[in-house]
Amino acid sequence: MNPQSQKTILVVEDEALLLQALMDKFETEGFRILGAPDGQAGLDMALKEHPDLILLDIVMPKMDGLTVLKHLRSDAWGKTCQVIVLTNLSDWQKINEAVQHRAFDYLVKTDWKIEDVVKRAKEKLGMA
């Protein structure tokens with residue numbers, strides 16, 4: 001794949017095994033992949049690297065995902081960055097808050113296989 005056309009995905013996830021599994025799967029699908037183990041590291045990396053898509057957990061150390069999303073939306077680049085929330089929370093209040101901050105999608109981890117998450121990301125990036 002041409003490096004210029006390669007899409008970058010940032011996975012912000014504090015569960016190390018899931019972070020690695022997502023990173024490995026997206027990498028085998030031809031994406032440039034970045035990973036962050038907590039919200040603060042994820043926000044810093046997003047603002048520095050400007051990935052094409054962010055997979056964002058909500059419950060994380062240092063900064064939760066909704067706070068990361070609020071900070072992203074207050075940044076010039078971050079206002080329009082593509083975000084899919086991927087979490088174990090199926091709390092309607094959190095879902096509503098994520099939607100208000102223009103998350104593209106809200107996926108509950110237990111309801112989705114990694115292949116489905118990849119498919120959803122490709123759809124969002126216009127690659128499906």
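The values are calculated or read from the model by the stated rules, or taken from the named source; none is laboratory data. Given the structure is predicted, the values throughout are model-derived calculations rather than measurements. As a convention, Cβ positions derive from the backbone with ideal geometry for all residues, glycine included, and neighbour counts pool all protein chains shown. Remember, those area values only see protein heavy atoms, side chains included, never the ligands or the DNA or RNA. Shrake-Rupley method; radii C 1.70, N 1.55, O 1.52, S 1.80 Å.
For the reader, a short list of remarks on this structure follows.
- Complete set of residues in the range 19-51 that are assigned to a helix (DSSP H, G or I), in contact with a helix residue (DSSP H, G or I) (Cβ under 9 Å, 6 or more places away or on another chain), crowded, with 17+ Cβ neighbours inside 10 Å and free of Cβ contacts under 8 Å to residues at least 60 places away in the same chain: Gly39, Gln40, Gly42, Leu43, Ala46
- Entry remark, the range 52-90: residues being over 24 Å from Ala21 (Cβ atoms) and open to solvent by 60 Å² or more (accessible area, probe 1.4 Å) number 6 in total.
- Qualifying residue in the range 9-17 (condition: under 21 Å from Gly78 (Cα atoms), modelled with pLDDT of 95 or more, open to solvent by less than 60 Å² (accessible area, probe 1.4 Å) and not aliphatic (A, V, I, L, M)): no
- Single condition Val117 does not satisfy, out of (1) at pLDDT 90 or above; (2) surrounded by 18 or more Cβ atoms within 10 Å (Cβ to Cβ): (1)
- Only residues that are among the aliphatic types (A, V, I, L, M) and touching a residue at least 40 places away in the same chain (Cβ under 8 Å) were counted across the range 52-89, and they come to 10.
- Candidates are the residues of the range 99-114 that are in a helix (DSSP H, G or I) and surrounded by 13 or more Cβ atoms within 10 Å (Cβ to Cβ); the one that is modelled with the lowest pLDDT is Val99.
- Residue-level check: of (1) at pLDDT below 90; (2) farther than 22 Å from Met127 by Cβ; (3) surrounded by 14 or more Cβ atoms within 10 Å (Cβ to Cβ), Asn96 misses just (3).
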